[in-house]
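Undergrad: Below is a structure I'd like to ask you about.
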Amino acid sequence: MSLEDLRIEYREALDETLNHLNAVNLLVAQIETKMEQVRDSMQNLCQVVERMVEERQEQ
């Protein structure tokens, strides 16, 4: 294998690795967004439960 062949193989492997890292980056961003949505849903659920408890205590 020549030095040029090694250089090409190295570059291809590096490109593939960078593509994988970019994909991971996008997935992390999606996970962060989904976690924020879950947090907001949990906060809403807690508020509903708090109102239910308050209404029961008033009865």
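Undergrad: Against the longest alpha carbon principal axis of the chain, how many degrees, from 0 to 90 and to the nearest 10, is the axis of helix 3-58 turned?
TA: Roughly 0 degrees, rounded to the nearest 10.
Undergrad: Once Lys and Arg get +1 and Asp and Glu get -1 on their Cβ, which of 57, 3, 26 lies farthest toward the positive end of the dipole of the chain?
TA: After comparing all options, I get 57.
Undergrad: Between residue 33 and residue 18, what is 0.36 nm times their sequence separation minus the Cα-Cα distance? Round to one decimal in nm.
TA: Contour length minus the Cα-Cα distance gives 3.1 nm.
We did not get these values from a lab; they are worked out from the coordinates using the rules stated. Computed from a prediction, not measured in an experiment: that's the story for all the values here. All Cβ positions, glycine included, derive from the backbone under ideal geometry; neighbour counts span all protein chains shown.
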